[in-house]
Amino acid sequence: MKIWYDALTGKQVRYGVAIARALRKHGHEVVLTTRRHPDTVPLAKHLNEEFVAVGRYEPESLLTRLRNGTRRQLQFCKLFEKNQPDLAISHGSADLCRVAFGLGKPIITTLDTPYAAAPNRLTLPLSNYIVASKAIPKDKIEHYNVDGQIIDFDGVDEVAWIKDFKPNAKYAFGKPLIAIRPLEEKAAYNKAKMDMLSLAKKLTELGKVVYLSRYQRKTVKKLIVPKFVDSASLVAQADLFIGVGGTITREAALQGTPAITIKVFSDQQVNDLLVKKGFPIYETSPADVMKLAKELIGKKRNVKDLLGKLQNPADIIADIVEKVGNS
């Protein structure tokens, strides 16, 4: 079968690569697409995977988002005009879902942010299969007028690329090493604000701080602001990670690096699942970050056995593709 995967973010590039490699083992052809974004094209090159860059990330306004999405859909129609995919997969790409639905192709959507109402409303109702961690209550997914089959798994998305991961980049930033990721303030689902830059500067009292900026990669006094970094390799080598969610928090914890997540969003069931299973994720308020950071820095854990017990969603997706192909 010919499978199409569209990645909108760095996380989705990693996820797409993990899924593509699982599908290729079954003899499937995979077409990988993305949009130009500070985290996507550089990571694709780092992973030695060929992605077709279609459109760009333009979050300046609702109009720029809509305009870019519409352009991407038209470009996808042109891309697949003569050779259409048999099935489409994404982590909530409205552009992929609209085009695949219009072409009458089955759609698999992965999900880890039940609170991201805008993309969920545009993707989940069009999806034939929804693959999500069992940590997310099914009623949170069904809320989006879902007709497709919901398939849960005992794990988190990041297991797909961390389970057999070996850091492929070494960083000589110094020790102790702290990585911090600011809030995704331009995400459609986010209304919060937080001064992560000031926090990062304060953390230099404890060690070397790598500030993983989401947008502007400008030099900041006292901080290390790389233009590109392999986040999974970085947090494997770090002594502490601090963020507000999500992907890099789990990349760190799945490799035994203590990860502090600052409480901003509700419905963080995916993180909660890892906490219950013994992975080092710690939620706190902005006021208590420094105190907790002093307690946790350098206290890494061996979580290899815990990681081995989690299900790999890439394998589950491969099984769905086989099912569709045989139907």
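The values are calculated or read from the model by the stated rules, or taken from the named source; none is laboratory data. Remember, it's a predicted structure, so these values are computed and weren't measured experimentally. Reconstructed Cβ throughout: ideal geometry from the backbone, glycine too, with neighbour counts over all protein chains shown.
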Are any residues in region 249-297 hydroxyl-bearing (Ser, Thr, Tyr), part of a loop (DSSP other than H, G, I, E, B) and either within 27 Å of Lys138 (Cα to Cα) or touching a Pro at 6+ places or on another chain (Cβ under 9 Å) (or both), and if so, which ones?
Thr257, Ser266
Where a residue in region 136-161 is without any contact (Cβ under 8 Å) to a residue 12 or more places away in the chain and its partner, wherever it lies, is outside any helix (DSSP H, G or I) and surrounded by fewer than 17 Cβ atoms within 10 Å (Cβ to Cβ), with Cβ under 9 Å and at least six apart
Glu142/Ile150
Can you name the helices (runs of 4 or more DSSP H) wholly within region 60-125 that have at least 1 residues being under 17 Å from Arg35 (Cβ atoms), at pLDDT below 95 and out of contact with any helix residue (DSSP H, G or I) (no Cβ under 8 Å at 6 or more places or on another chain)?
62-79, 117-123
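Test of understanding: among Tyr15, Tyr57, Tyr115, which residue is loosely packed, with under 15 Cβ neighbours inside 10 Å, among the aromatic types (Phe, Trp, Tyr), in contact (Cβ under 8 Å) with a residue 12 or more places away in the chain and not assigned by TED's automatic domain parsing to the domain that holds Leu274?
Numbers: Tyr15 fails: loosely packed, with under 15 Cβ neighbours inside 10 Å; Tyr57 fails: loosely packed, with under 15 Cβ neighbours inside 10 Å.
That would be Tyr115, the only listed residue that is loosely packed, with under 15 Cβ neighbours inside 10 Å, among the aromatic types (Phe, Trp, Tyr), in contact (Cβ under 8 Å) with a residue 12 or more places away in the chain and not assigned by TED's automatic domain parsing to the domain that holds Leu274.
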Taking region 269-305 as the region of interest, how many residues are more than 21 Å from the chain's Cα centre (by Cα), buried (at least 16 other Cβ atoms within 10 Å of the Cβ) and without any contact (Cβ under 8 Å) to a residue 40 or more places away in the chain?
2
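Specify the residue that is surrounded by the fewest Cβ atoms within 10 Å (Cβ to Cβ); the eligible residues are those in region 27-37 that are modelled with pLDDT of 95 or more and touching a helix residue (DSSP H, G or I) at 6+ places or on another chain (Cβ under 9 Å).
Glu29
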Ile281 being in contact with a Leu (Cβ under 9 Å, 6 or more places away or on another chain), aliphatic (A, V, I, L, M) and more than 26 Å from Ala18 (Cα to Cα)
no
Mind checking which residues of region 197-247 are in contact (Cβ under 8 Å) with a residue 40 or more places away in the chain, out of contact with any Gly (no Cβ under 9 Å at 6 or more places or on another chain), surrounded by 16 or more Cβ atoms within 10 Å (Cβ to Cβ) and in a helix (DSSP H, G or I)?
Leu199, Leu203, Ala232, Ser233, Leu234, Val235, Gln237
Could you tell me whether Ala132 is of a type in the set (Gly, Ala, Ser) and either in a helix (DSSP H, G or I) or closer than 21 Å to Thr249 by Cα (or both)?
yes
Would you be able to tell me the number of residues in region 24-54 that are out of contact with any Phe, Trp or Tyr (no Cβ under 9 Å at 6 or more places or on another chain), touching a residue at least 12 places away in the same chain (Cβ under 8 Å) and assigned to a helix (DSSP H, G or I)?
0
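Restricting attention to region 298-319, report how many residues are among the basic types (Lys, Arg) and in a helix (DSSP H, G or I). Walk me through how you get there before you give the answer.
Looking only at region 298-319, we keep the residues that are among the basic types (Lys, Arg), and these are 299-301, 304, 309.
Of the ones still in play, those that are also in a helix (DSSP H, G or I) are 304.
Number of matching residues: 1.
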Which ones in region 142-161 are of a type in the set (Val, Ile, Thr) and either within 17 Å of the chain's Cα centre (by Cα) or crowded, with 20+ Cβ neighbours inside 10 Å (or both)?
Val156, Val159
